[in-house]
Amino acid sequence: MTSLLFMICNTAIVLFWMLLLFFPRQKITLSLMAFPWIPLVLSFFYAYFLFGFGGLAEADFSSLEGILKLFKESTPESAAAGWLHYLAFDFWMGCWIVTHSQQKDIPHLWIVLPLFCTFLLGPMGVMSYTLIYYIYPLTRKK
């Protein structure tokens, strides 16, 4: 069951990212960006994997050694929970990037690379979008 649920979440998120990348102004995409629907759905699966199989009651998040121990002793369910954590927040950041770029009139083509980076590398996408946010106005003719 863990593998199936993981596969469903992992596959579905790609479809939602495609909406952000290729159909950013469509009604369905705008409604997904207006409220964290996708992270909300992923949070139910996250809770299932995390709390349905022992949780993190003994986890030590206060040190690097504690985090390493957590990863070494992970179960398939806790690993799935960790991955869903990334999927939910990376998608939410992708939604923010699209929304913010639309509000600032940054052409969508300028944010395709930051969206890919956010999908694959999380914070690196936010960093690349920030660079574009500051560079794009310099490229506009006055």
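Exactly one of these conditions fails for Phe53: (1) surrounded by 14 or more Cβ atoms within 10 Å (Cβ to Cβ); (2) under 30 Å from Trp110 (Cβ atoms); (3) without any contact (Cβ under 8 Å) to a residue 40 or more places away in the chain; (4) of a type in the set (A, V, I, L, M, F, W, C). Give me its number.
Checking Phe53 against (1) surrounded by 14 or more Cβ atoms within 10 Å (Cβ to Cβ); (2) under 30 Å from Trp110 (Cβ atoms); (3) without any contact (Cβ under 8 Å) to a residue 40 or more places away in the chain; (4) of a type in the set (A, V, I, L, M, F, W, C), the one that fails is (2).
Looking at the range 1-113, what helices (runs of 4 or more DSSP H) fall wholly within it and have at least 3 residues that are farther than 30 Å from Arg140 by Cβ?
Numbers: elements: 2-22, 27-34, 37-51, 64-72, 76-103.
Per the criteria, 2-22, 37-51, 64-72, 76-103.
Kindly provide the set of residues from the range 17-43 that are of a type in the set (S, T, N, Q) and under 14 Å from Val98 (Cβ atoms), ordered by number. So that I can check it myself, show each step before the final result.
Step one: filter the range 17-43 for residues of a type in the set (S, T, N, Q), giving 26, 29, 31, 43.
Answer for the range 17-43, where residues must be of a type in the set (S, T, N, Q) and under 14 Å from Val98 (Cβ atoms): Gln26, Thr29, Ser31.
Any read-out appearing in this document is the output of simple, stated calculations on the displayed coordinates, not a laboratory observation. The model shown is predicted, which means the values in this text are computed figures rather than measured ones. As a convention, Cβ positions derive from the backbone with ideal geometry for all residues, glycine included, and neighbour counts pool all protein chains shown.
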